[in-house]
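Visitor: Can you read through this structure? Questions will come right after.
Each value in this text was obtained by applying a stated rule to the coordinates, not by laboratory testing. Being a predicted model, the structure only gives us computed values, none of them experimental. FYI the Cβ positions are ideal-geometry reconstructions off the backbone, even for glycines, and counts take in every protein chain you see.
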Amino acid sequence: MAEERFKDGTLSGEGEYVDGQRHGPWTFYFRNGRLQAQGSYKSGQLDGDWVWHRKDGGLLQQGAFVDGQQHGLWRRWYDNGALWDEGEYDLGKKTGEWVTYDRNGEVSKRRNHR
């Protein structure tokens, strides 16, 4: 298991390298030690499901990648925990209906992408 560290020596990330590139599951941390992100790499590219957190531990966003491109359902959250928006990506491009919510969870906008 490889470890990456901030300048002060605090653990910033851990996972495996293959041929000098991140490969397989990785976990990243904030300086305060809390979980920042978890997901996988494939030959140095983000690949598969990823989840990002805020410094206070709340969810920030989650989605998946295929060869470094956003793909599939993506969601982002406000700092109060309410869903901010959600929609689909098709190899890096927004597709279909994306819905944006206000901080109280009410739909504030709908937009269709081709």
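Visitor: What number of residues within segment 73-114 are surrounded by 12 or more Cβ atoms within 10 Å (Cβ to Cβ), over 26 Å from residue 47 (Cα atoms) and among the basic types (Lys, Arg)?
Guide: Result for segment 73-114: 2.
Visitor: So which pairs qualify, if the first residue must be in segment 24-45 and in a strand (DSSP E or B), the second must be surrounded by fewer than 13 Cβ atoms within 10 Å (Cβ to Cβ) and β-branched (Val, Ile, Thr), the Cβ gap must be under 8 Å, and the two must be at least 6 apart or on different chains?
Guide: Taking only residues 6 or more apart or on different chains, the pairs are 24/18; 29/10.
Visitor: Another one. Yes or no: residue 42 of a type in the set (Lys, Arg), out of contact with any Asp or Glu (no Cβ under 6 Å at 6 or more places or on another chain) and surrounded by 13 or more Cβ atoms within 10 Å (Cβ to Cβ)?
Guide: Answer is yes for this residue.
Visitor: Any residue in segment 72-89 that is closer than 25 Å to residue 11 by Cα, in contact with a Phe, Trp or Tyr (Cβ under 8 Å, 6 or more places away or on another chain) and outside any strand (DSSP E or B)?
Guide: no
Visitor: Only one residue in 65, 30 is over 21 Å from residue 87 (Cβ atoms) and either surrounded by 15 or more Cβ atoms within 10 Å (Cβ to Cβ) or out of contact with any strand residue (DSSP E or B) (no Cβ under 7 Å at 6 or more places or on another chain) (or both). Which one?
Guide: Within the list 65, 30, the selection yields 30.
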